[in-house]
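Engineer: I am attaching a structure below and will ask some questions about it afterwards.
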Amino acid sequence: MNEKAPKIMMEVKNINLRFGGVVAIQGVSFDIHEGEIRAIIGPNGAGKSSMLNVINGFYHPQEGEIWFDGQKRPSMEPYEVAKTGIARTFQNIALFKGMTTIENVMTGRQLQMNKNIFWQMLRYGPAIEEEVQHRKRCEEIIDFLEINHIRKTPVGSLPYGLQKRVELARALAMEPNLLLLDEPMAGMNVEEKQDMSRFIVEVNEEFGTTIALIEHDMAVVMDLADRVVVLDYGKLLADGTPKEVQSNQAVIDAYLGVPH
Amino acid sequence: MFYKETGQFKSRYKDELAAFPLFEDKIGIGILCVLTFLVIPMFGLPGLNYEFAMGAIMIPCMVFIIMTLGLNILLGFAGQISLGTGAFSGVGAYAFYKFITIFPDINIIIALVLSGLVSAVVGVIFGLPSLKIKGFYLIVATLAAQFFLTWAFIRVAWLYNYNASGAIEGPNKEMFGIIMIGPQSAGMTRYYFVLVTLIVLTWLASNVIRGRIGRSWMMIRDMDIAAELIGIRPLVAKLSAFAFSSFYIGIAGALMVFFWLGAAEAESFDINHSFLYLFMVIIGGLGSITGSYMGAIFVWVVPVLIKEIGKSVFGFDAFVMENFSTILLGAMIIIILILEPHGLARLWQITKQKLRLWPFPY
Ligand SMILES: Nc1ncnc2c1ncn2[C@@H]1O[C@H](COP(=O)(O)OP(=O)(O)OP(=O)(O)O)[C@@H](O)[C@H]1O
Ligand SMILES: [Mg+2]
């Protein structure tokens, strides 16, 4: 990463999000630099997931602006945001349960495939070429995440840790510029967490993918993140390097002091 | 019958993406082709009168398989429920009737495809509510389509060319010098026509399902929120499922009237038929092409056979057998669903898996 002049990939400005009387996010602003791993932390109900939902167009904030690649983004639907190169994984796994691992990963390529219904019906010529070409890419991602052995397994029957990994594979198949990960290591054992951390770092370093990561495990955050945003009760509490954040008194009071 | 998947490594993805990657499956399909193209047309079905075997079992079964495939695409693959199948099949049938009477020289295949397209358009229109509503509310919306359309089939006399009978009836009509439909058409001709149509439509459906568009349906079915965040437009995915499904159902409706029944009234497209097709899909297995075959055959053939056996072996009268077969079918459906909620296709899969491990069950 260029230390002198980091390029701002995404910036949220003064976001306010309410559900009826519940204020989920209140005047939050922060940015994400190109190529960095940006952690978002905070106690339960702080508004972290809501923030990701705002970024990928699932929630529409009542106030605030979202800037992406140097431009103010108009209000967008999730499928439009997907086209701008933003992918994500979910806190509660959201795989396609009726499909196998490879099929789930292939869904990440949908936007890049475009052969029409007539070719699809024949599954011949351009349609099958397209299918094979994207299949190859997906097999590479499956190799990379070491989930070869479950390629043909219906994802519903997989253990939790592997499901999380398949979800990451699906998001990577989109070849996103910005990858949003909502608690990718929740509920994992130490070994699984180490694997997942390694994958996240490799994705960031080898593919140059910018990552925004929600995570409760402070050790992981300190290890992975370049910069950290701390939310609490929907408000921005702190923003800085892991070290700065860790020594911030307000953060210690609100978050680190409380065992999780 | 016991065969194994191991040992047949796929060196190229293209081979793995083929319709029947397993050699044994290819043999099975080959045997089915010989049976349906040669053996059955020559000898009929064992123990049954030839005319009965062809006219009351083979042709309707194939028509209903197409119908079930159509509904399964919508319900099993795209997860959108519909109780309007009967009416959509009617749209195909009436459209076919109008095409062949307005343009007497039209090619039958073209008329059939056009009827499917008309049904697809109507399916899309009545599928529009699916963009806003789900589950029970969508059932009600498709139910409204069912009642509105059957009403139209009775009230809009233009649809049946102002016949006094109110029925649509196939005129004699030939293609390539052979009479294909109408009173003078041969059962054998119609059999082969429906058979080839079934094979083509099955092949096309299995292609679509395994590709980009099929995946978009399953994504919407399994987790619509995630699908949207991956870039699927629910509008496109849902309506394309309604269109593709109704295309099949419309063709099945036209085949039902003009290649099997010979004539039909609005009753042939009523809500009872919608339920019948729903049974076929659920018994066979949601989201399975093989299941569509099994479900349609099971639900159609079992009552017919029970009636036949009751009449010829035990000498019961037709009316008693009619009721008895309905009760028995209902009981069997319940038993199958308790045994395996995923239908006959899953039972078949489990059996195959067990045979694969045979003779070592562990
Ligand atoms: N769709 C919604 N409707 C109503 N309230 C919502 C909705 N989504 C989130 N909220 C509320 O917004 C607040 C923030 O929720 P959010 O899920 O963003 O928290 P979080 O920081 O991700 O917490 P956790 O660590 O538990 O995942 C909560 O009070 C929650 O109840
Ligand atoms: Mg959350």
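Engineer: What does the convex hull of the alpha-carbon atoms of chain A project to on average, in nm²? Each step should come with its number before you reach the end.
Structural biologist: Details: hull surface 61.1 nm².
Averaging across all directions leaves 15.3 nm² for the Cα convex hull.
Engineer: Sticking with this structure for a sec: Applying 1/(1 + (r/R0)^6) with R0 = 60 Å to the Cβ-Cβ distance of B:Ala331 and B:Val121, what FRET efficiency is obtained, to the nearest 0.05?
Structural biologist: Details: r = 40 Å, r/R0 = 0.66.
Efficiency at R0 = 60 Å is approximately 0.90.
Engineer: Next question, about the same structure. Please turn the phi angles of the stretch A:107-117 into ³J(HN,Hα) values with the Karplus equation 6.51 cos²θ - 1.76 cosθ + 1.60 (θ = phi - 60°), one per residue in order, whole Hz, x for glycine and proline.
Structural biologist: For the stretch A:107-117, the Karplus-derived couplings read 4, x, 9, 3, 5, 8, 9, 8, 5, 6, 4 Hz, x marking Gly and Pro.
Engineer: Convert each backbone phi in the stretch A:10-20 into a coupling constant with the Karplus relation 6.51 cos²θ - 1.76 cosθ + 1.60 (shift: θ = phi - 60°), then list the ³J(HN,Hα) values in order as whole Hz, x for Gly and Pro.
Structural biologist: 9, 9, 9, 10, 6, 6, 10, 10, 10, 10, x
Engineer: Could you list which residues have their amide H under 5 Å from that of A:Leu237, counting only those 5 or more apart in sequence or on another chain, with H placed in the peptide plane?
Structural biologist: A:Val230, A:Leu231, A:Asp232
Engineer: Here's a follow-up. Return the average number of partner chain Cβ atoms within 10 angstrom of each residue Cβ along peptide B:204-216.
Structural biologist: On the way: counts 6, 1, 2, 8, 6, 2, 4, 13, 17, 8, 2, 9, 3.
So the per-residue partner count for this stretch is 6.
Engineer: Let me check I've understood the local charge: for B:Arg212, count other residues with C-beta under 11 angstrom from its C-beta, Lys and Arg +1, Asp and Glu -1. What total comes out? Spell out each step's value before the answer.
Structural biologist: Numbers: positive: A:Arg109, A:Lys115, A:Arg123, B:Arg210, B:Arg215; negative: A:Glu130, A:Glu131.
Summing Lys/Arg as +1 and Asp/Glu as -1 gives +3.
Engineer: Could you give the semi-axes, largest first, of the ellipsoid that matches the stretch A:167-260, computed as the square roots of 5 times the alpha carbon gyration tensor eigenvalues and rounded to whole Å?
Structural biologist: Values: eigenvalues 122, 45, 29 Å².
The answer is 25, 15, 12 Å, longest axis first.
Engineer: Right, here's the next one. For the protein assembly as shown, what does the helix formula give at 222 nm: sum of -39500 (n - 2.57) over DSSP H segments with n ≥ 4, over the residue count, nearest 500 deg cm²/dmol?
Structural biologist: Details: 24 runs with 321 residues, N = 622.
The helix contribution divided over the protein assembly as shown gives -16500 deg cm²/dmol.
Engineer: Here is a further query. Could you give the C-alpha radius of gyration of the stretch A:95-175 expressed as a fraction of 2.2 N^0.38 Å, taking N as the number of residues it contains? All intermediate terms of the calculation are to be shown ahead of the outcome.
Structural biologist: Details: Rg = 12.9 Å, N = 81, 2.2 N^0.38 = 11.7 Å.
The reported ratio for this selection is 1.11.
Engineer: Which whole number in µm²/s is D for the stretch A:176-225 by Stokes-Einstein, with the Kirkwood Rh taken over Cα pairs at 37 °C and 0.692 mPa s? The partial results should precede the final answer.
Structural biologist: On the way: Rh = 11.0 Å.
In µm²/s, the coefficient is 297.
Engineer: Could I ask something else about it? Distance cut-off 23 Å, Cα to Cα: go down the list A:Lys235/B:Lys132; A:Lys48/A:Lys136; A:Lys48/A:Lys164; A:Lys72/B:Lys238; A:Lys83/A:Lys115; A:Lys13/A:Lys48 and report the pairs above it. Kindly include the intermediate steps, with their values, before the conclusion.
Structural biologist: On the way: A:Lys235/B:Lys132 34 Å; A:Lys48/A:Lys136 35 Å; A:Lys48/A:Lys164 19 Å; A:Lys72/B:Lys238 31 Å; A:Lys83/A:Lys115 17 Å; A:Lys13/A:Lys48 15 Å.
Result: A:Lys235/B:Lys132; A:Lys48/A:Lys136; A:Lys72/B:Lys238 exceed 23 Å.
Engineer: Ok, one more. Say the dipole of chain A comes from +1 at the beta carbon of Lys and Arg and -1 at that of Asp and Glu; which of A:Gln26, A:Val251, A:Ile8 then lies farthest toward its positive end?
Structural biologist: A:Gln26
Engineer: Within chain B, which whole H helices from DSSP have a Cα span along their axis of at least 24 Å and a mean Kyte-Doolittle hydropathy of 1.6 or more, if any? Please report the intermediate quantities before stating the final value.
Structural biologist: On the way: long enough: B:85-102 (25 Å, 0.95); B:108-127 (28 Å, 2.70); B:135-155 (30 Å, 1.48); B:187-210 (34 Å, 1.17); B:234-255 (31 Å, 1.45); B:289-312 (34 Å, 1.10); B:318-339 (31 Å, 2.30).
Result, helices passing both filters: B:108-127, B:318-339.
Engineer: State, to one decimal in nm², a quarter of the convex hull surface area for the C-alpha atoms of the stretch A:7-108, i.e. the direction-averaged projected area. Walk me through the numbers before you get to the answer.
Structural biologist: Numbers: hull surface 31.0 nm².
In nm², the orientation-averaged hull projection of the stretch A:7-108 is 7.7.
Engineer: When ranked by the protection proxy of mean other Cβ atoms within 10 Å per residue, highest first, what sequence do the peptides B:74-82, B:47-55 form?
Structural biologist: Final packing ranking: B:74-82, B:47-55.
Engineer: Compute the acute angle (0 to 90°) between the alpha-carbon long axis of helix A:126-144 and the principal axis of greatest extent of the alpha-carbon atoms of chain A; round to the nearest 10°.
Structural biologist: Value to nearest ten degrees: 50.
Engineer: Right, here's the next one. With a point put 7 Å past each Cα toward its Cβ, work out how far B:Asn161 is from B:Asp105 in nm, to one decimal.
Structural biologist: It is 1.7 nm.
Engineer: Based on the Cβ-Cβ distance of A:Val22 and B:Leu235, what FRET efficiency does E = 1/(1 + (r/R0)^6) give at R0 = 35 Å, to the nearest 0.05? Before the final figure, lay out the partial values.
Structural biologist: Details: r = 30 Å, r/R0 = 0.85.
Once rounded, the FRET efficiency stands at 0.70.
Engineer: Treat every Asp and Glu Cβ in the protein assembly as shown as -1 and every Lys and Arg Cβ as +1, leave all other atoms uncharged, and give the resulting dipole magnitude about the Cα centre to the nearest 20 debye.
Structural biologist: Values: 50 positive and 55 negative charges, 231 e Å.
In total the dipole reaches around 1100 debye.
Engineer: So how do B:294-303, A:15-24 stack up, highest first, on mean other-Cβ count within 10 Å? Don't jump to the answer; show the numbers that get you there.
Structural biologist: Working: B:294-303: 22.2, A:15-24: 14.4.
Ranked by mean Cβ neighbours within 10 Å, highest first: B:294-303, A:15-24.
Engineer: Another one. Enumerate by residue number the GluC sites (Glu not before Pro) in the stretch A:146-229 meeting two conditions: DSSP loop (anything except H, G, I, E, B), and at most 15 other Cβ atoms within 10 Å of the site's Cβ. Walk me through the numbers before you get to the answer.
Structural biologist: Details: sites: A:Glu146, A:Glu167, A:Glu191, A:Glu192, A:Glu202, A:Glu205, A:Glu206, A:Glu215; in loops: A:Glu146, A:Glu215.
Loop-located and lightly packed - A:Glu146.
Engineer: Along its three principal axes, how long is the stretch A:31-167 when you only count alpha carbons? Whole Å, largest extent first please.
Structural biologist: Its Cα atoms span 49, 35, 27 Å along the three principal axes.
Engineer: What average number of partner chain Cβ atoms lie no more than 10 Å from the Cβ of the residues making up B:219-225?
Structural biologist: Values: counts 7, 1, 4, 10, 9, 1, 5.
Averaged over the peptide's residues, the number is 5.
Engineer: Given R₀ = 22 Å, what would the calculated FRET efficiency be for B:Phe275 paired with B:Phe148, taking r from the Cβ atoms and rounding to 0.05?
Structural biologist: Details: r = 18 Å, r/R0 = 0.80.
After rounding, the FRET efficiency stands at 0.80.
Engineer: Compute the length gained on full extension between A:Gln133 and A:Glu205: take 0.36 nm times their separation in residues and subtract their Cα-Cα distance, giving the result in nm to one decimal.
Structural biologist: On the way: separation 72, 0.36 × 72 = 25.92 nm, distance 2.47 nm.
Between A:Gln133 and A:Glu205, full extension yields an extra 23.5 nm.
Engineer: Could you tell me how far the Cα centroid of the stretch A:138-179 sits from the Cα centroid of the stretch A:18-47, in Å?
Structural biologist: 27 Å
Engineer: Also, quick follow-up: Calculate how many DSSP beta bridges within the protein assembly as shown are antiparallel, expressed in % of all such bridges and rounded to the nearest 5. Display every interim value, and only then the final one.
Structural biologist: Details: 26 of 43 bridges.
Counting only bridges with both partners in the protein assembly as shown, antiparallel ones make up about 60 percent.
Engineer: Hey, another quick one. Provide the descending list of Cα extents for the protein assembly as shown along its principal axes, expressed in whole angstroms.
Structural biologist: Extents along the principal axes: 91, 60, 46 Å.
Engineer: Can I ask one more? With just the Cα atoms defining each centre, how far is the stretch B:175-197 from the stretch B:275-351? Give it in Å.
Structural biologist: The stretch B:175-197 and the stretch B:275-351 have Cα centres spaced 28 Å from each other.
Engineer: Counting only residues 5 or more places away or on other chains, whose amide H sits under 5 Å from the amide H of A:Arg227 once H atoms are built in the peptide plane?
Structural biologist: Long-range HN contacts for A:Arg227: A:Ile37, A:Ala39.
Engineer: Another one. Can you give the percent of C-alpha pairs in chain B whose distance is more than 28 Å?
Structural biologist: Details: 31014 of 65341 pairs.
I get 47 percent for the Cα pairs in chain B exceeding 28 Å.
Engineer: Let me ask something additional. Taking each residue in A:70-82, count the Cβ atoms of any other chain within 10 Å of its Cβ, then average. What number comes out? It would help to have the intermediate numbers written out before the result.
Structural biologist: Values: counts 0, 0, 0, 0, 0, 0, 0, 3, 10, 11, 3, 3, 7.
Whole-number average of other-chain Cβ neighbours for A:70-82 is 3.
Engineer: Based on Cβ point charges of +1 for Lys and Arg and -1 for Asp and Glu, what charge dipole magnitude is obtained for the stretch A:95-175 about its Cα centre, in debye rounded to the nearest 20? Present the calculation step by step, with values, prior to reporting the outcome.
Structural biologist: Numbers: 12 positive and 10 negative charges, 45 e Å.
The calculated dipole for the stretch A:95-175 is roughly 220 debye.
No value in this document is a laboratory result; all are computed from the given coordinates. Please read these numbers as outputs of a predicted model, since none were measured by experiment. Every residue, glycine as well, gets a Cβ built from its backbone with ideal geometry; the counts of neighbours run over all protein chains shown.
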